[in-house]
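Trainee: This structure is in structure tokens; I'll ask about it shortly.
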Amino acid sequence: MSQKIHPSTPEINRLRAAAALIPIIESGLLESRLSVERAALMASFCEWTTENVPDDPESMRLAEAVSIGLERIKSVLSAID
């Protein structure tokens, strides 16, 4: 059975990019490959993508995943400071 492909919009593309950035930020911080400043900038982009989420299920799922990842990143950043 084939999966339904969701239409691509700028909003969903940003959410997809933010969801993909979360593990990059986390691993970069844990392995000291990212500075705190760079990680904070990347996290602010991710946070920005969750501000105005469309009402479709795919967008809401991605926004939830990004929000959960941001909470993890914020706890790591607060431990570093």
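Trainee: Given the whole protein assembly as supplied and a 1.4 Å probe, what does the accessible area of Glu51 come to in Å², nearest 10?
Mentor: Taking all protein chains as shown, Glu51 has close to 120 Å².
Trainee: Given a 1.4 angstrom probe, what's the average accessible area per residue across the chain, in square angstrom? Walk me through the numbers on the way to the answer.
Mentor: Values: 5510 Å² over 81 residues.
Normalised by residue count, the accessible surface of the chain is 68 Å².
Trainee: How far is helix 57-80 tilted off the main Cα axis of the chain, in degrees rounded to 10, range 0 to 90?
Mentor: For 57-80 against the chain, the angle is about 0 degrees.
Trainee: Please determine, in degrees from 0 to 90 and to the nearest 10, the orientation of helix 36-49 with respect to the longest principal axis defined by the Cα atoms of the chain, where the helix direction is its Cα long axis.
Mentor: Roughly 20 degrees between the two axes.
Trainee: Largest first, what is the accessible-area ranking of Met42, Met60 with a 1.4 Å probe? List each step's numbers first, then the result.
Mentor: On the way: Met42 40, Met60 100 Å².
Putting Met42, Met60 in descending order of accessible area: Met60, Met42.
Trainee: Over region 1-79, what is the relative contact order in whole percent, taking alpha-carbon pairs under 8 Å and six or more residues apart?
Mentor: Working: 61 pairs, mean separation 30.0, N = 79.
It rounds to 38 percent for region 1-79.
Trainee: Moving on. Let me have the 222 nm mean residue ellipticity of the chain computed from DSSP H runs of 4+ only, each contributing -39500 (n - 2.57), with the sum over all residues rounded to the nearest 500.
Mentor: Details: 3 runs with 59 residues, N = 81.
Mean residue ellipticity at 222 nm (helix-derived): -25000 deg cm²/dmol.
Trainee: Which distance in Å, rounded to a whole number, links the C-alpha centroids of region 57-81 and region 16-35?
Mentor: Rounded to whole Å, the Cα centres lie 11 Å apart.
The values are calculated or read from the model by the stated rules, or taken from the named source; none is laboratory data. Not measured: the values here are computed from a predicted model. Only protein heavy atoms, including side chains, enter the accessible area calculation; ligands, DNA and RNA are left aside. Shrake-Rupley method; radii C 1.70, N 1.55, O 1.52, S 1.80 Å.
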